[in-house]
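S.K.: Got a structure here, written out as structure tokens. Questions coming.
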Amino acid sequence: MWAGMKRADSGQVVGIDVGGTFTDLVQIDQATGAVRLAKVSSTTDNQALGVLNALAAADSDLAALDLIVHGTTTTTNAVLERKLSNTGLITTQGFRDVLELGRRTRPQAYGMKGDFRPIIPRDLRLEVPERMDAAGEVVVPLDENAVLTAGKALLEMGCESVVVHFLHAYANPAHELRCAEMLRSIWPNDYITMGHALLSESREFERGVTAAVNASVQPLLARYIRHLEAELKRGGYRSELLVMNGNGGMVSADRVAEEAAKTVMSGPASGVMAAAYAGRAAGVENLITYDMGGTSTDVALIRNAEPQVSNETEIEYAMPIHVPMVDVRTVGAGGGSIARVNAAGLLQVGPESAGSNPGPICYGRGGAEPTISDANLLLGRLDPGHINVEGGVSLQDVRSIFAAKLGDPLGLSPEDAAAAVIRVANARMAGAIRMVSVSLGADPRDFALFAFGGAGPLHASALAKELGIPRVMIPPRPGITNAIGCVVADLRHNYVRTIGTPLDNLDMEMLRSIFDAQTAEGRDMIDGESVSLRSIRSVHSVDMQFIGQTHLIRVPVADPGISRADLQAEFEKVYHDRFRVDLAEIRAAVVNVNTSVIGERPPVDLSTLIDPAGRAATMAEARITARPVQFDAGLHQTPIYRRELLPLGATLHGPAVVEQMDTTVLIEPGDVATCDAQGNLMVEVAR
């Protein structure tokens with residue numbers, strides 16, 4: 001325990017995750033295990049309203065809460081929808097177009113069409129005389145008068161934030177530091193981003209785009225957090241607000257806007273952290289996470305209870321964000337994904353979504369486009385009794401729309417069209433799972449599929465069969481797993497330093513000193529947080545490549561004092577595991593040195609997510625009804641169970657449907673599910 005560590009006490013902890021369709025909340029009393037849950041519609045125009053609605057729905061007493069951890073899509077949505085702050089760029093003379101030149105890739109691999117807009121338009125990208133070489137030596141001194149002239153020009157053009165991005169600043173940041181210092185004398189706010197401070201990496205395109213994203217979303221995130229904090233305080237909340245980052249950790253709301261780009265993809269990351277936590281507690285440490293929500297599906301890989309983290313995320317074409325993030329792959333297939341017959345006469349599912357308003361037809365809010373949720377309803381997998389009849393929607397209405405928009409054009413019955421929608425969606429999701437497993441040298445048969453999200457447990461068994469995954473793990477509360485991730489996540493700070501040196505020439509003592517310095521910086525940051533912790537640890541790695549190659553591969557470093565020979569051997573092992581190729585005659589280079597400093601929070605007992613006192617004594621008591629359900633093997637009269645009533649240790653033989661507040665679980669014919677001591681459903685998939 002380090003000197004500044006806070007006491008690991010118990011209290012009322014709330015996790016809130018804002019998704020594209022729903023805002024989810026879980027509140028856990030760490031002393032008693034008591035749990036409160038809420039799921040409300042997301043308020044896309046003002047996410048804070050959805051957060052407050054969720055707190056009200058859970059009847060949370062803000063004054064009694066000890067901690068709120070929040071996963072937000074504010075920055076992700078802003079980037080994807082290009083609803084960004086007006087941002088300017090000051091860069092090295094001659095490098096104005098770095099953000100636009102990119103890497104000579106194409107939006108479409110086959111064809112010469114596609115859209116691309118740089119984050120910062122050309123008229124807001126200004127040059128100043130300055131130049132460092134790759135060794136960090138000054139070639140052209142910084143023209144300070146040009147800096148002030150450029151800053152004033154950007155202000156006159158309405159810029160709210162600014163990026164300082166100089167060539168080779170990773171090697172010597174002196175010019176960027178001086179430029180930022182001068183800008184602060186004229187800039188009306190704190191929204192000044194230095195490229196080297198956010199990402200000390202040699203590649204100027206990736207470093208520039210990352211800094212541009214950060215500056216463009218920084219004012220939006222800062223305003224949102226300030227507004228949310230004010231509303232919480234008005235309601236009586238007096239404790240710390242933490243915000244999830246894309247690396248699976250969290251940071252104080254007071255600091256989060258400084259590195260706003262790190263919150264991109266924080267929502268999906270929180271679900272992956274929850275999966276790693278639940279898998280570790282259940283003794284299942286190798287998982288493929290499968291999060292199917294209302295608008296999209298996110299998948300990720302967990303090895304040895306540690307999620308895979310990448311520094312090379314590209315959230316859309318020519319949009320690399322090179323800060324450490326949980327390696328999540330996303331496809332536009334969620335419960336609200338719209339199915340249609342395209343111009344070629346083929347069935348297409350997504351990426352367009354009905355969202356939360358109007359939502360799928362079966363929501364009864366005016367939706368008139370067939371979706372995946374509606375398809376599951378027609379097949380009997382979702383309870384027809386949950387249709388919003390008050391809104392004027394019936395099962396026959398859903399059937400009629402499927403007939404008119406899908407069945408008739410395809411020559412299928414409405415039910416067959418619904419089955420086709422499910423098969424097409426499953427094919428897309430299986431492809432995403434292959435991208436995080438097979439493409440990374442992992443065999444899906446060695447993993448369990450961790451299914452969550454409001455729609456994930458409906459499709460998990462079919463995907464597992466498709467991919468040869470032998471077991472599916474369904475947590476107690478799949479539909480609010482991302483909110484649970486906020487509760488169990490640790491404080492985490494990641495550091496990267498580029499050294500770009502052949503291993504044979506690397507000063508190994510310098511490597512160790514970098515690890516030590518990054519660890520010390522992380523400990524200082526964590527020590528400044530007002531959060532109860534039980535321990536702190538550091539995880540080290542290096543990004544390496546064979547000399548002459550372009551792409552990097554991450555090599556874990558267990559001992560900061562590792563020898564040169566051991567590091568070469570470790571790299572060759574990781575390379576062989578990934579590509580099944582030995583290149584012993586080629587030497588390696590170390591490009592980046594990485595450290596994650598993790599402040600571990602007190603453990604959370606996930607077995608109380610379903611009240612143990614409310615479970616039935618027998619399976620017969622947990623069964624609530626039966627109805628016909630369509631599977632690939634045909635129509636089956638299927639028993640329906642209530643998840644909250646299932647006895648621990650109970651076994652279910654498929655076909656079966658398990659319903660609960662936040663999702664529906666589909667157990668296919670031949671599958672066998674067991675409710676373990678943590679409340680997870682462990683499904684052995686029929687071969």
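S.K.: Within segment 255-271, identify whether any single residue is in contact with a strand residue (DSSP E or B) (Cβ under 6 Å, 6 or more places away or on another chain), assigned to a loop (DSSP other than H, G, I, E, B), open to solvent by less than 40 Å² (accessible area, probe 1.4 Å) and modelled with pLDDT of 90 or more, and answer yes or no.
M.R.: no
S.K.: Tell me, which helices (runs of 4 or more DSSP H) lie completely within segment 393-473 with 2 or more residues that are free of Cβ contacts under 8 Å to residues at least 24 places away in the same chain and open to solvent by 30 Å² or more (accessible area, probe 1.4 Å)? Full working, then the answer.
M.R.: Working: elements: 395-402, 414-436, 456-467.
Fully inside segment 393-473 and qualifying: 395-402, 414-436.
S.K.: Shifting gears a bit: Give all pairs with beta carbons closer than 7 Å in which a residue from segment 101-112 that is under 22 Å from Arg203 (Cβ atoms) and touching a residue at least 60 places away in the same chain (Cβ under 8 Å) meets a residue that is open to solvent by 100 Å² or more (accessible area, probe 1.4 Å) and among the charged types (D, E, K, R); count only pairs at least 6 apart in sequence or on separate chains.
M.R.: Filtered contacts from segment 101-112: Pro107/Asp115.
S.K.: Where in segment 155-250 are there strands (runs of 3 or more DSSP E), lying fully within it, with 2 or more residues that are under 23 Å from the mean Cα position of the chain (by Cα)?
M.R.: Because the criterion is at least 2 residues that are under 23 Å from the mean Cα position of the chain (by Cα), the strands (runs of 3 or more DSSP E) in segment 155-250 that meet it are 240-244.
S.K.: Still on this model: Any residue in segment 620-647 that is outside any strand (DSSP E or B) sitting within a Cβ distance under 7 Å of a residue that is among the β-branched types (Val, Ile, Thr) and surrounded by fewer than 18 Cβ atoms within 10 Å (Cβ to Cβ)? List the pairs, counting only those 6 or more apart or interchain.
M.R.: Note: pairs meeting the criteria are Pro647/Thr618.
S.K.: One residue is enough: does segment 524-537 have a residue meeting the conditions among the aliphatic types (A, V, I, L, M), under 26 Å from Ala135 (Cα atoms) and either surrounded by 12 or more Cβ atoms within 10 Å (Cβ to Cβ) or more than 28 Å from the chain's Cα centre (by Cα) (or both)?
M.R.: no
S.K.: Regarding segment 664-677, can at least one residue be identified that is in a loop (DSSP other than H, G, I, E, B), on the phi < 0 side of the Ramachandran plot and either hydroxyl-bearing (Ser, Thr, Tyr) or without any contact (Cβ under 8 Å) to a residue 40 or more places away in the chain (or both)?
M.R.: Yes, the conditions are met somewhere in segment 664-677.
S.K.: So which of Glu521, Glu572 ends up being open to solvent by 60 Å² or more (accessible area, probe 1.4 Å) and in a helix (DSSP H, G or I)?
M.R.: Glu521
S.K.: Right, another one. Among the residues of segment 102-114 satisfying the criterion of being closer than 17 Å to Pro320 by Cβ and open to solvent by 100 Å² or more (accessible area, probe 1.4 Å), which is farthest from the chain's Cα centre (by Cα)?
M.R.: Arg104
S.K.: Name the single residue, out of those in segment 579-614 being in contact with a strand residue (DSSP E or B) (Cβ under 6 Å, 6 or more places away or on another chain) and in a helix (DSSP H, G or I), that is surrounded by the most Cβ atoms within 10 Å (Cβ to Cβ).
M.R.: Here the answer is Leu609.
S.K.: For the structure I just gave you, tell me whether Ala617 is open to solvent by 40 Å² or more (accessible area, probe 1.4 Å), at pLDDT 90 or above and part of a loop (DSSP other than H, G, I, E, B). Working first, answer last.
M.R.: Numbers: open to solvent by 40 Å² or more (accessible area, probe 1.4 Å): yes; at pLDDT 90 or above: yes; part of a loop (DSSP other than H, G, I, E, B): yes.
Taking the combined requirement at face value, the residue satisfies it.
S.K.: Here's a follow-up. Take segment 1-22 and flag every residue that is under 30 Å from Thr330 (Cβ atoms) and at pLDDT below 90.
M.R.: Val18, Gly19, Gly20, Thr21, Phe22
S.K.: Restricting to segment 502-518, name every residue that is part of a loop (DSSP other than H, G, I, E, B) and open to solvent by less than 60 Å² (accessible area, probe 1.4 Å).
M.R.: Leu506
S.K.: On to the next question. Six or more apart or on different chains, Cβ atoms under 7 Å: show the pairs whose first residue is in segment 484-501 and open to solvent by 20 Å² or more (accessible area, probe 1.4 Å) and whose second is of a type in the set (Asp, Glu) and assigned to a strand (DSSP E or B).
M.R.: The qualifying pairs are Asp490/Glu600.
S.K.: If you check Ala344, Ala420, Ala425, Ala403, which single one turns out to be within 26 Å of the chain's Cα centre (by Cα) and of a type outside the set (S, T, N, Q)?
M.R.: None of the other options fit; the residue is Ala425.
S.K.: When you scan segment 185-228, how many residues do you find that are of a type in the set (A, V, I, L, M) and closer than 22 Å to Glu521 by Cα?
M.R.: Qualifying residue count, segment 185-228: 6.
S.K.: Restricting attention to segment 540-553, report how many residues are touching a residue at least 60 places away in the same chain (Cβ under 8 Å) and either among the aromatic types (Phe, Trp, Tyr) or over 17 Å from Met508 (Cβ atoms) (or both).
M.R.: Residues meeting the conditions: 1.
S.K.: Filter segment 295-311 down to the residues that are assigned to a loop (DSSP other than H, G, I, E, B) and crowded, with 18+ Cβ neighbours inside 10 Å and list them by number.
M.R.: Thr295, Ser296, Asn311
S.K.: What about Lys83, is it open to solvent by 40 Å² or more (accessible area, probe 1.4 Å) and in a strand (DSSP E or B)?
M.R.: no
The values are calculated or read from the model by the stated rules, or taken from the named source; none is laboratory data. Note that the structure is predicted; figures quoted are calculated from it, not measured. Every residue, glycine among them, receives a Cβ derived from its backbone with ideal geometry; neighbour counts consider all protein chains shown. Areas reflect the complete protein model, heavy atoms only, side chains present, ligands, DNA and RNA absent. Shrake-Rupley method; radii C 1.70, N 1.55, O 1.52, S 1.80 Å.
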